[in-house]
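Undergrad: One structure follows; several queries about it will come next.
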Amino acid sequence: MVDRVIACLAVDVRELIDHVPPLGQELGLGCRAPAADMGPLLNLALSSHGRCNRPTAARLTPRLPQPTPLALGADEAMSLPCTFPQDPLLSPSPLPPHCMQDSLSLHVRQVGRHTLGGLWGEGMRSCVIYAACVGRVASFATAAAVIPTQTIIAGHRALLVGPMRTDVPSRPPLVLLGGTAQWLDSWQGHLTALAQSRRVLLYETRGQGGAFAAADAAQADVTNCSLPHHAEDFASVLRASGLAAAGECDVCAFSFGGRVAMAAAALADISPARIRRLVVTGVAADRGTSGRLALRSWRASLSAGDLRGFVWRLILDTHSPRYLAAQETNVPKWVDAVVAANSLAGLRGIVEMTHTEVPTDPTHPLAMARSLAQKGSVDRGLLLVGEEDTLSPSSAARELADAAGWEFRSIAGAAHAVPIEQAVIWRRAVLEFLDRSE
């Protein structure tokens, strides 16, 4: 009988239940429990709301055998969004809550005799499922997320990670660009899956992560936050990172980052590299009435010096009502984290200088899409949008994709923040597109 399960929420338990291999042979210390027995137990742990318990890794780790690799696709290695509040007692470096790396948080929940929790490995965040059978521990699945090393590239805070595997063909490097108020930590939950077979570069643009940027860094200079300047920054970072030497690269960008990526492809000289495939999420040919009014409210808050008010508005505008209802108690923590990571000047620079409503402006998304189609600057493109997005309406996003000659997909169950609200579906769509052979 399985009397305890210790699991990290970084593994998508729903996928685990469907795909984990049977345990019909002795593993480590002798677990013979069939995988089918684990599904209901994990479901029970995830759906219950017990009080936090605190087993220590030091007490448990010596009893653990070598883990057995989890039979999931690489894109499913990191997937479950934040379900429970973080327990800082378990994490040596608590993670900001309004980040996609919530899926890396370590939690422990006591559910009767069953415990849901997480263990840390030396030098990595271990995303491990363990089953203890009649007092003995056997590992039946594991996925590990190596903590990437932060660096400075061309005056921008950046992370370089991957490829994580050497047993699969290497793919072109990938550059990640986040949304307006995101910073490096915001993408930690996606990095491991995206970097399985490729080198991944994530960097903070000019104006992002202002609370962490050195005062004399290019990233902190927000006197010119225009899209053409961001495009030049992209080229500088790409060359300084060494990825441009690969000859071609892929780009995956969200919201504001998507407009930066389009500007880099349309306006900048990124030689010797070229963009092979570009995935843009949450950008449209027209932002619509709700989007225009939201932008006015953001500008008003930032002009008044109200960073916290801006962040509140930003979060409410980018998430669906369903997601906000499920995360209502966490929203104030998200606000605190975004405020702590950013600066008023940086976010004001982005919001004031990177938006235009004039379709003939060269930096308008529609103008950039037409330019990309005409120049052939991108081999292939994919535009993703949430069905409930009020900042980039689905019909206007499809118009943008058509103008660029790109593929288009609308994702159900999400508003603007698709990579957060539908993390697994979003990442599958991204990887399937990037890894497609034709």
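Undergrad: Picking from Gly209, Gly258, Gly189, Gly179, which residue would you name as being part of a helix (DSSP H, G or I), assigned by TED's automatic domain parsing to the domain that holds Ser377 and either closer than 21 Å to Leu382 by Cα or touching a strand residue (DSSP E or B) at 6+ places or on another chain (Cβ under 8 Å) (or both)?
TA: Of Gly209, Gly258, Gly189, Gly179, the one residue that is part of a helix (DSSP H, G or I), assigned by TED's automatic domain parsing to the domain that holds Ser377 and either closer than 21 Å to Leu382 by Cα or touching a strand residue (DSSP E or B) at 6+ places or on another chain (Cβ under 8 Å) (or both) is Gly258.
Undergrad: For Asp269, indicate whether it is part of a loop (DSSP other than H, G, I, E, B), among the acidic types (Asp, Glu) and touching a residue at least 40 places away in the same chain (Cβ under 8 Å).
TA: no
Undergrad: The conditions are (1) at pLDDT 95 or above; (2) of a type in the set (A, V, I, L, M, F, W, C); (3) outside the structural domain of Val430 (by TED's automatic domain parsing), and Ala154 fails exactly one of them. Which is it?
TA: All conditions pass for Ala154, except number (3).
Undergrad: Regarding Glu357, is this residue more than 21 Å from Trp406 (Cα to Cα) and assigned to a helix (DSSP H, G or I)?
TA: Details: more than 21 Å from Trp406 (Cα to Cα): yes; assigned to a helix (DSSP H, G or I): no.
Judged against the criteria, Glu357 is not a match.
Undergrad: Of the residues Trp312, Trp334, Trp298, which is under 18 Å from the mean Cα position of the chain (by Cα), not β-branched (Val, Ile, Thr) and not assigned by TED's automatic domain parsing to the domain that holds Pro419? Let's see the steps before the verdict.
TA: Numbers: Trp312 fails: under 18 Å from the mean Cα position of the chain (by Cα); Trp298 fails: under 18 Å from the mean Cα position of the chain (by Cα).
Result of the check over Trp312, Trp334, Trp298: Trp334.
Undergrad: If you go through the range 409-422 one residue at a time, do you hit one that is within 14 Å of Phe254 (Cβ to Cβ) and of a type in the set (S, T, N, Q)? Don't jump to the end; show me each part of the working.
TA: We begin by selecting, within the range 409-422, every residue within 14 Å of Phe254 (Cβ to Cβ); these are 411, 414-422.
Remaining after also requiring of a type in the set (S, T, N, Q): 422.
So far as the range 409-422 goes, yes, one or more of its residues are within 14 Å of Phe254 (Cβ to Cβ) and of a type in the set (S, T, N, Q).
Undergrad: Follow-up question, since we're still on this one. Assess whether Gly413 counts as being in contact (Cβ under 8 Å) with a residue 12 or more places away in the chain and in a strand (DSSP E or B).
TA: The answer is no for Gly413.
Undergrad: For the range 216-224, check the following and say yes or no: at least one residue is surrounded by fewer than 20 Cβ atoms within 10 Å (Cβ to Cβ), over 14 Å from Glu204 (Cβ atoms) and at pLDDT 95 or above.
TA: yes
Undergrad: Go through the range 242-276 residue by residue and tally those that are surrounded by fewer than 22 Cβ atoms within 10 Å (Cβ to Cβ) and among the basic types (Lys, Arg).
TA: Selection size over the range 242-276: 2.
Undergrad: Can you tell me which of Asp317, Asp306 is crowded, with 16+ Cβ neighbours inside 10 Å, among the acidic types (Asp, Glu), modelled with pLDDT of 95 or more and not assigned by TED's automatic domain parsing to the domain that holds Ala214?
TA: Answer to the check: Asp317.
Undergrad: Still on this structure: Please pick out the residue among Gly210, Gly162 that is in contact (Cβ under 8 Å) with a residue 40 or more places away in the chain and of a type outside the set (S, T, N, Q).
TA: Result: Gly210 is the single residue among Gly210, Gly162 that is in contact (Cβ under 8 Å) with a residue 40 or more places away in the chain and of a type outside the set (S, T, N, Q).
The values are calculated or read from the model by the stated rules, or taken from the named source; none is laboratory data. The structure displayed is predicted, hence computed values, not measured ones. Neighbour counts are summed over all protein chains in view; Cβ atoms, including those assigned to glycine, are modelled from backbone coordinates with ideal geometry.
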